[in-house]
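Bear in mind these aren't lab numbers, they're just calculated from the coordinates by the rules spelled out. Predicted, not measured: the structure shown is a model, and the values here were computed from it.
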Amino acid sequence: MLKGYIIINMKKTFDVVGLGELLIDMTMNGKSEQGNALYEANPGGAPCNVLAMLKKLGHNVAFIGKVGDDIFGHELKEVLDEVGIDSEGLVTDTDARTTLAFVKTFEDGDRDFSFYRNPGADMLLRSEEIETSLLQSTKIFHFGTLSMTHEPARSATIYAVTEAKKAGAMISFDPNIREPLWDDMEEARRQVMKGLEYCDILKISDNEIQWLTDKEDYTEGVEWILERYNITLITVSLGKCGSMAFYRADPASGYIKAEAAPFIQENTIETTGAGDTFGGCVLHFVLERGLKDICEKDLKEMLTFANAAASIITTRRGALRVMPSPDEIGKMMECRA
């Protein structure tokens, strides 16, 4: 915990509150009779995808962010209400439009993004627009870096993190780097490092950890992070290679490491939301199990559950509306057993 912070004792109404982008993923969905690409408007945004997975797993969740006063913004508000994500913290901008992300999917299911966000409403969230009662009443606060690419959302994000930390929330961070959104990748690195200063739980992808640490080996990359930051749980998503987790009870102790194999799907459509689904399952584990006295077996079980859920979402377009249920995840795991 950062020095000088005072824990506020109050009832934790929410399990997880997330802050960041809420947008429309325009996902390729075949071609028209004329040969033109068809795009499906899927509600998305990494923090809300995480919250949607947590809601499916029975948790009480809320979102903080900004959308435009347009058809997409209104639809996104309706989707949050539909899937059970508390939208009290969602505000509307009358001048900027809701961000759109056009997603091109390759044959292997990987993606390329083109963002229409210059500026998008999510970039314009201000500190004074944040409902602080949400930050004071959550067990976990979750954020990423898409809200840290530009001001005023960057300052709003740091304000929210510090307020949640003061109130005793655990902090969860997923860098979720999207290079086209940054004017300068060195600035991106600085903002990621700022996030690492605050977080207790880090979810990072294979390519992100190599970019951040200049280490090709993922374990060496995690060790680089642990040498510099006091993070209790680090998970590394490896796509088709599965995932890894590293747990360290305190900075003076060594870490425990676990790995889990992926669940490969023959009918994968795209990977949008897979990392967010994985991350939501990790936070589910933390909420159920806590961050004390975790062993390798616990980490392995956490990763296996998260890998199974992530594999299911790759068979569906979009993520926010179509997160897998606990029964679906359980059946996926039973097939391997």
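Here is how the numbers come out for the structure above:
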{"item": "Shape category assigned to the stretch 185-301 from the gyration tensor of Cα positions, a/c cut at 1.5", "result": "oblate"}
{"item": "Compactness index (Cα Rg / 2.2 N^0.38 Å), the stretch 178-233", "result": "1.10"}
{"item": "The stretch 20-123: C-alpha gyration tensor shape, a/c 1.5 cut-off, then a/b vs b/c", "result": "oblate"}
{"item": "Calculated [θ] (222 nm, deg cm²/dmol) that DSSP helices of n ≥ 4 give over the chain, each run adding -39,500 (n - 2.57)", "result": "-11000 deg cm²/dmol"}
{"item": "Cα shape, the stretch 247-322, gyration tensor, a/c 1.5 rule", "result": "prolate"}
{"item": "DSSP H segments from the chain that extend 15 Å or more along their own axis, Cα-based, with Kyte-Doolittle mean of -1.0 or above", "result": "46-56, 71-83, 153-166, 218-228, 274-289, 296-313, 326-336"}
{"item": "Among G89, G35, G144: highest mean-square fluctuation, GNM of the chain, C-alpha pairs under 10 Å", "result": "G35"}
{"item": "Column: log10 I(q)/I(0), Debye, Cα scatterers of the stretch 56-215, q = 0.13, 0.18, 0.19 Å⁻¹", "result": "-0.67, -1.30, -1.42"}
{"item": "Coarse-grained scattering of the stretch 135-247 at q = 0.16 Å⁻¹, given as base-10 log I(q)/I(0) from a Debye sum over alpha-carbon atoms", "result": "-0.72"}
{"item": "Candidates E82, E259, E131, ranked by Gaussian network fluctuation over the chain, Cα under 10 Å, top entry", "result": "E82"}
{"item": "Answer label for Cα Rg over 2.2 N^0.38 Å (calculated), chosen among [x] 0.98; [y] 0.93; [z] 1.84", "result": "[y]"}
